[in-house]
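Undergrad: Just passing along the structure, written as structure tokens.
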Amino acid sequence: MSYGPTRIPTKGACIYCGKTGEALTDEHFLPLALGGQHILEDASCLACADITKKFEQDVARDMWGDARISYDAPSRRKKARPTHIRLRDPDNPNRQVRVAYRDYPAPLIFYKMNRAGFLEGLPETTDISGAWQFSAVMDDKKADDFERKFDIKLTAKFRHVPDSFGRLLAKIGYGQILCNLNPDDFRPICLPYILGLKKNLSYIVGGSFDIPPPNEGQGYILRTLAFGDLNRTILLAEIRLYANNHTPIYHVMVGDAVGEAATSAIWEKLGDVPASPMSLLHSTPDDRSKPPHWIPHAWPLPGQTIGRYF
């Protein structure tokens, strides 16, 4: 992924449903509301744009709304934002405090996840999202200043939207893969989940419970991952949002290519990039104490394996 504003030329059809011959809108595959600067030109028909807009708003407004206002995150409607929030004192329910959003250290709520079900060798019907755990990211100094200034314990209100969050990650991952490939280069396994036709997001979306150190100066990090053999190549995306904070890291199983001709074309388009440690796939448990979060645990890969990332 390049850094800074990037525009990727149109694929000539809606990237979600394949429609042609009608108006297509530009697609921030990481929403503008989250600071996204990578745009797929003329990428989404209006019907599909309405679908993706709904789950994006669930996350941006209902899950992260107060935090985005507090930290002045990008928005097309900044002038409509409230300037203050009323908070109830948890130790005295009859007391309310009016706080300027600039003083309110609203936390960003994330889900910590284990590997996607696909990488664990689980059936597509096995939902493991019940093991996802909340993780709150906040400015500790701002939180201390808040409690001293207003003499009130910090509280936060948000809506639990795991399905929308998973669909958002799937959409971001799909867009990342389309920076280098076309939709007809591979089978987009993530598409039914993005469009809401399949519900078990934990099958294709996962991550690491271990939160890595912040990546200073980087708002988000996206990488394309690929592994497989000459018969089948698996395409994944790695995602870290608000990467300059202590935020989780995720992966999305985006799709695959089957057959030597298709897999060879995929590797040619992805380019000559460093090899990843795919020997971990066939090592003993003692040898792979901490493999990358996107390495499968129980997915058989016959023959010679190859793996790359960039």
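The values are calculated or read from the model by the stated rules, or taken from the named source; none is laboratory data. These figures come from a predicted structure and were not determined experimentally. Note that we place each Cβ from the backbone using ideal geometry, even for glycine, and neighbour counts take in every protein chain shown. Remember, those area values only see protein heavy atoms, side chains included, never the ligands or the DNA or RNA. Shrake-Rupley method; radii C 1.70, N 1.55, O 1.52, S 1.80 Å.
Undergrad: Subtract the Cα-Cα distance of ALA131 and CYS179 from 0.36 nm times their separation in residues, and report this length gain in nm to one decimal. Working shown, then result.
TA: Numbers: separation 48, 0.36 × 48 = 17.28 nm, distance 3.16 nm.
Working it through step by step, the gained length comes to 14.1 nm.
Undergrad: With a 10 Å cut-off between alpha carbons and a GNM built on the chain, which of ALA261, ALA136, ALA237 moves the most?
TA: Of ALA261, ALA136, ALA237, the most mobile in the Gaussian network model is ALA261.
Undergrad: If I take every Cα pair under 8 Å that is 6 or more residues apart in the stretch 67-193, average their sequence separation and divide by the length, what percent do I get for the relative contact order? If you can, show how the numbers build up before the last one.
TA: Details: 106 pairs, mean separation 25.1, N = 127.
Dividing the mean separation by the residue count of the stretch 67-193 yields 20 percent.
Undergrad: At a Förster radius of 51 Å, what calculated FRET efficiency corresponds to the Cβ-Cβ distance of GLU260 and ASP89, to the nearest 0.05? All intermediate terms of the calculation are to be shown ahead of the outcome.
TA: On the way: r = 66 Å, r/R0 = 1.30.
Using R0 = 51 Å, I get an efficiency of 0.15.
Undergrad: Under 5 Å between amide H atoms, partner at least 5 residues away or on a different chain: which partners does ARG232 have, H built in plane at 1.01 Å?
TA: It is GLY259, by chain and number.
Undergrad: Quick check on packing: order 52-60, 212-220, 171-179 by the mean number of other C-beta atoms within 10 Å, highest mean leading.
TA: Details: 52-60: 18.4, 212-220: 12.8, 171-179: 24.4.
Listed from highest to lowest mean packing, they are 171-179, 52-60, 212-220.
Undergrad: Choose one of ASN215, TYR16, PHE110: the residue whose Cα lies farthest towards the positive end of the charge dipole of the chain (beta-carbon charges +1 Lys, Arg; -1 Asp, Glu; about the Cα centre).
TA: Final value for the positive-end residue is PHE110.
Undergrad: Where the only charges are on Cβ atoms (+1 Lys, Arg; -1 Asp, Glu), what is the dipole of the chain about its Cα centre, to the nearest 20 debye? The partial results should precede the final answer.
TA: On the way: 38 positive and 36 negative charges, 248 e Å.
In debye, rounded to 20, the chain gives about 1200.
Undergrad: Of all the accessible heavy-atom surface of the chain, with the other protein chains kept in place and a 1.4 Å probe, what percent is carbon and sulfur?
TA: Values: 7520 of 14860 Å².
Carbon-and-sulfur percentage of accessible area, whole number: 51.
Undergrad: Given the Cα-Cα distance of ARG187 and ARG223 and 0.36 nm per residue of separation, how much length would full extension add, in nm? Mind dumping the intermediate values first?
TA: Working: separation 36, 0.36 × 36 = 12.96 nm, distance 1.88 nm.
In short, 11.1 nm is gained.
Undergrad: Ok, one more. Pop the C-beta distance of PHE209 and GLU124 into the FRET formula with R0 = 35 Å and round what comes out to the nearest 0.05.
TA: Working: r = 23 Å, r/R0 = 0.65.
About 0.95, to the nearest 0.05.
Undergrad: Go ahead and estimate [θ] at 222 nm for the chain from helices alone: -39,500 (n - 2.57) per DSSP H run with n ≥ 4, summed, over the residue count, rounded to 500. Don't skip to the end; give the middle numbers.
TA: Details: 6 runs with 60 residues, N = 310.
Theoretical 222 nm ellipticity from helices: -5500 deg cm²/dmol.
Undergrad: How large is Rg/Rh for the chain, to two decimals, with Cα atoms and a Kirkwood Rh?
TA: Values: Rg = 20.8 Å, Rh = 20.8 Å.
Rounded to two decimals, Rg over Rh is 1.00.
Undergrad: Here's something else I'd like to know. Can you give the Rg and Dmax of the stretch 28-74 based on its C-alpha atoms, in angstrom?
TA: Cα only, the stretch 28-74: 11.6, 33 Å (Rg, Dmax).
Undergrad: I'd like the FRET efficiency for ARG61 and PHE150, computed as 1/(1 + (r/R0)^6) with the beta carbon distance as r and R0 of 22 Å, rounded to 0.05.
TA: Working: r = 25 Å, r/R0 = 1.12.
According to the calculation, E is roughly 0.35.
Undergrad: Counting pairs of alpha carbon atoms under 8 Å apart in space and at least six apart in sequence, what relative contact order in percent does the chain give?
TA: Numbers: 596 pairs, mean separation 52.2, N = 310.
Reported as a whole number, the value is 17 percent.
Undergrad: How much accessible area per residue does the chain have, counting only protein heavy atoms and a probe of 1.4 Å, in square angstrom? Intermediate results must be reported in sequence, preceding the final value.
TA: Details: 14860 Å² over 310 residues.
Each residue of the chain exposes 48 Å² on average to a 1.4 Å probe.
Undergrad: Can you work out ³J(HN,Hα) from phi for every residue in the stretch 240-252, in order, using Karplus 6.51 cos²θ - 1.76 cosθ + 1.60 and θ = phi - 60°, giving whole Hz and x for Gly and Pro?
TA: 9, 8, 6, 5, 7, 10, 7, 10, x, 10, 10, 9, 10
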